[in-house]
Every structure is written in C-alpha cells, then in structure tokens.
Amino acid sequence: MTFEDFPHEASSQLPGVSFLAMRQVIFRQAERSSLRIIEDVDQRLTVETAHGLIGLRSCEGSDATAYVAAADEHWLFMMKNAVIRQMQHLMPDTASDMRWSSGPQAGSLPPNFAFLEVRDVAPLGAVFLRLTLKCEGLDTHGDHSIHFRFVLPPEGETPEWPTVAPNGSTKWPDGPGAPHKPVYTTRYIDQGAGTLVTDVFIHDGGRITTWAQTLMNGGRNRRVVGLVGPAGGGLLHAQRVLMAADETGFPAAARLLENMEPGVTGMVLLEAENGADCAYPIEVPEGITLCWLSRSKGESLGQSTEALLPEYEGATLWFAGERAQAASLREKARAAGWDKSQMRISGFWTQ
C-alpha cells in the first residue's frame with residue numbers, strides 16, 4: 001500500500017504532547033500489533049493498519065500532530081476513532097480536546113451508522129435464528145472486516161442514537177434510551193438487494209435473542225434498529241490453521257471457512273451444548289478436519305485447543321469463545337513460542 005491508496009486525510013494537533021515521546025508510544029504499539037512502519041523520516045512517522053494509515057507529524061516547537069488517512073470518508077472516521085481510543089488511555093484530557101482538520105459535524109449521526117429494517121427471521125438449526133436485514137450503504141462491508149455492531153434501543157423507551165462528538169469520535173448515549181450494542185458477524189451481503197444476513201445464537205437473557213424471537217412471532221415494535229460498522233478483522237489468509245469456536249463464534253468460523261484459500265489444511269473445533277446436534281450449517285474445506293465437542297459431556301473448547309498447540313506449531317491460530325478461556329489460550333500459545341501475528345484470539349462472552 002502507498003499514500004495514493006489512502007487519499008482521504010485528516011490531522012489534529014496534540015498541544016503539549018512531545019513528538020519524540022509519542023513516536024516511541026506508536027513504535028511500541030506497532031510492534032505489539034505487528035503493524036508495518038512505512039515512513040519514519042524528518043519528523044514524520046506513518047504506520048499502515050488493516051484499514052488505513054495512522055501517523056505522527058511535528059508542528060511548532062516540539063508539539064506533535066496526529067495524522068490519519070483512509071480510502072474513503074467512512075474508514076477515515078473509523079481511523080479517527082481508533083486514534084482517540086488510544087489517546088483516551090494515555091492522555092484523556094488531550095483526547096477530549098482533539099479537533100480534526102476535516103470530518104462530519106458534531107452532533108450528526110456517525111458516517112458508519114445506518115438504520116436496519118428486519119425483513120425476515122427464520123430458525124436455523126436447533127439453536128440459531130437467521131436474520132435478513134435491509135440496509136443502505138453496505139458498500140463498505142466486505143471481506144476485510146466481517147463484523148458489525150447492532151444498535152438496539154431498549155423496549156418502551158424513546159430511542160437514542162450515537163452521534164459524532166466534538167473530538168471526532170463516536171458519542172454513545174447514556175440516558176434511558178441508550179441502546180444495547182453487541183457485535184455480530186455478517187454472514188452474507190447482497191449489494192444489489194441491499195440486504196445483510198446474520199445469525200443469532202439463541203440463549204437465555206440475550207437481548208438480541210428476545211428481540212429476534214419477538215419479531216419472528218409477529219411483533220412489530222423495534223423492527224427498525226441501527227448498525228455501526230463494519231468492524232473487526234477480515235478473512236484468514238493461511239495455508240494451515242487451528243480454529244476453535246463455541247456457538248458465539250460459529251457464524252464467524254463459517255464465514256472464514258467457506259472463504260479459505262485453496263489447499264488449506266488444519267483442524268477446527270466446534271463446541272455446543274450437545275455437539276453436532278445443534279445442526280448449525282457449516283462447510284469445511286477438504287483439507288480441514290472438523291471435530292465437534294459437547295459441553296454436556298464435559299468437553300472443553302479451551303482445554304482441547306491448548307492440547308493441540310504442539311501439533312499445530314507454525315499454523316494460524318483462531319479462537320472465538322469465553323473470555324477466560326481465550327486469555328488462557330493466549331498465554332499458553334505465547335509461552336509455547338507462537339508469534340502474535342499467528343494468533344487471532346477473541347473472548348466473546350464471560351462465564
């Protein structure tokens with residue numbers, strides 16, 4: 001990638017922030033995240049990420065200026081959000097005071113927000129529902145980022161939607177109409193029809209579950225909700241994989257597996273309460289072995305994955321499940337010498 005690939009740019013001064021000190025912070029973050037440094041000359045530092053460029057420029061005196069670039073205004077807004085999230089951890093006051101050289105007006109809906117209309121809800125296997133959603137502006141949703149965030153207002157309250165904050169970040173409402181905003185996987189996109197398909201795991205207490213079941217049973221309220229995205233990682237590009245997921249990760253695993261590169265080999269572990277009886281439809285490439293695990297029989301996704309680490313050394317490791325299991329697997333894999341660039345480990349829920 002080059003600067004020409006990211007023609008949309010914005011910058012924000014960081015008053016009182018040392019260019020040299022912030023340069024070291026960005027270097028450490030780039031190393032932790034295996035990001036490529038494409039420029040480090042003449043008081044300019046630029047790092048390539050999966051969705052655009054993040055950088056640092058010098059300004060008057062020793063102060064620094066934050067820099068972002070992306071392929072379009074949609075991704076530019078998301079790059080700004082990424083920078084501000086990092087600054088909020090490091091220097092909250094500076095993050096709040098940031099003002100970008102270009103971008104949407106404060107108080108408007110974020111560029112990556114869209115309204116969804118539910119067109120269909122249908123059972124899928126024994127423990128899932130499949131939702132077909134009508135949405136405008138799906139052209140940014142593709143293989144590079146396969147997740148999105150539902151924006152579901154609470155029942156019985158006036159909906160409150162996210163807005164753009166003065167510092168260019170997404171401002172989420174916190175009043176009685178504040179939405180539930182979980183992350184889900186896009187299974188299919190039909191750009192021509194303007195529809196997005198996602199699969200919802202049916203579980204007790206799940207607000208998205210209750211909402212979807214109500215619609216399937218004839219409910220009309222809250223048929224229009226919101227979406228923020230796309231978000232998260234994209235497809236896996238690997239020749240050998242070790243993958244593992246419980247029901248919360250089945251849709252993502254299915255999306256990845258049906259788009260694997262030719263000749264891929266490896267293993268995928270799928271854990272459900274009663275194993276394969278969940279009947280979730282999933283296609284596995286010829287070179288990958290599928291193993292179903294059953295919680296009702298005491299089988300553990302985390303432990304089973306950890307046991308396979310020595311056998312799959314050098315492969316790409318992908319895990320989606322309970323957070324404590326994800327943390328344990330990450331620690332065991334690092335101790336065994338797995339490189340960070342080989343691992344995509346996510347904790348989707350907490351026991």
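Derivation of every value follows stated rules applied to the coordinates shown; laboratory data play no part. Predicted model only: the values in this text are computed from it and were never measured. Note: ideal-geometry Cβ built from the backbone for every residue, glycine included; neighbour counts use all protein chains shown.
To the nearest 0.05, how large is the calculated FRET efficiency for Asp40 and Asp277 if R₀ is 51 Å and r is the Cβ-Cβ distance?
0.40
What number, in nm² with one decimal, is the all-direction average of the projected area of the convex hull of the alpha-carbon atoms of the range 3-97?
5.7
Using Cα pairs closer than 8 Å and at least 6 residues apart in sequence, work out the relative contact order for the range 113-231, in percent.
In percent, rounded to a whole number, it is 38.
Would you calculate a helix-derived [θ] at 222 nm for the chain, using -39,500 (n - 2.57) for each DSSP H run of n ≥ 4 and dividing by the full residue count, to the nearest 500?
Result for the chain: -6500 deg cm²/dmol, rounded to the nearest 500.
Lysine pairs, Cα distance under 26 Å, 8 or more residues apart or cross-chain: how many in the chain?
8
Going by how many other beta carbons lie within 10 Å of each one, how would you line up Phe150, Phe348, fewest first?
Fewest-to-most ranking of Phe150, Phe348: Phe348, Phe150.
For the range 167-185 and the range 23-75, what is the centre-to-centre distance using only Cα atoms, to the nearest Å?
Centre-to-centre distance over Cα atoms comes out at 27 Å.
Which residues in the range 336-351 place their backbone N less than 20 Å from a point set 7 Å from the Cα of Glu31 along the Cα-to-Cβ direction?
Backbone N within reach: 336-343.
Compute the whole-percent fraction of alpha carbon pairs in the range 61-211 spaced more than 20 Å apart. Show your work: numbers first, answer last.
Details: 6521 of 11325 pairs.
Tail of P(r) above 20 Å: 58 percent of Cα pairs.
When the Kirkwood radius is taken over all Cα pairs of the range 240-349, what Stokes-Einstein diffusion coefficient follows at 10 °C and 1.306 mPa s, in µm²/s?
Answer from the Stokes-Einstein relation: 115 µm²/s.
Give me Glu273, Glu286, Glu322 ranked fewest to most by other Cβ atoms within 10 Å of their Cβ, as a rough exposure proxy.
Going from sparsest to densest Cβ surroundings: Glu286, Glu273, Glu322.
Along its principal axes, what span do the Cα atoms of the chain show, with the longest given first and each in whole Å?
66, 52, 37
Listing Tyr188, Tyr67 from the residue with the fewest other Cβ atoms within 10 Å to the one with the most, what is the order?
By the 10 Å Cβ count, ascending: Tyr188, Tyr67.
Using the Karplus equation 6.51 cos²θ - 1.76 cosθ + 1.60 (θ = phi - 60°), what ³J(HN,Hα) coupling, rounded to whole Hz, does each residue of the range 221-229 give in order, writing x for Gly and Pro?
Once θ is set to phi - 60°, the couplings for the range 221-229 become 5, 6, 6, 10, 10, x, 9, 10, x Hz.
Sticking with the crude label model, points 7 Å out along Cα→Cβ, report the distance from Arg99 to Ala82 in nm, one decimal please.
For Arg99 paired with Ala82, the spin-label model returns 2.6 nm.
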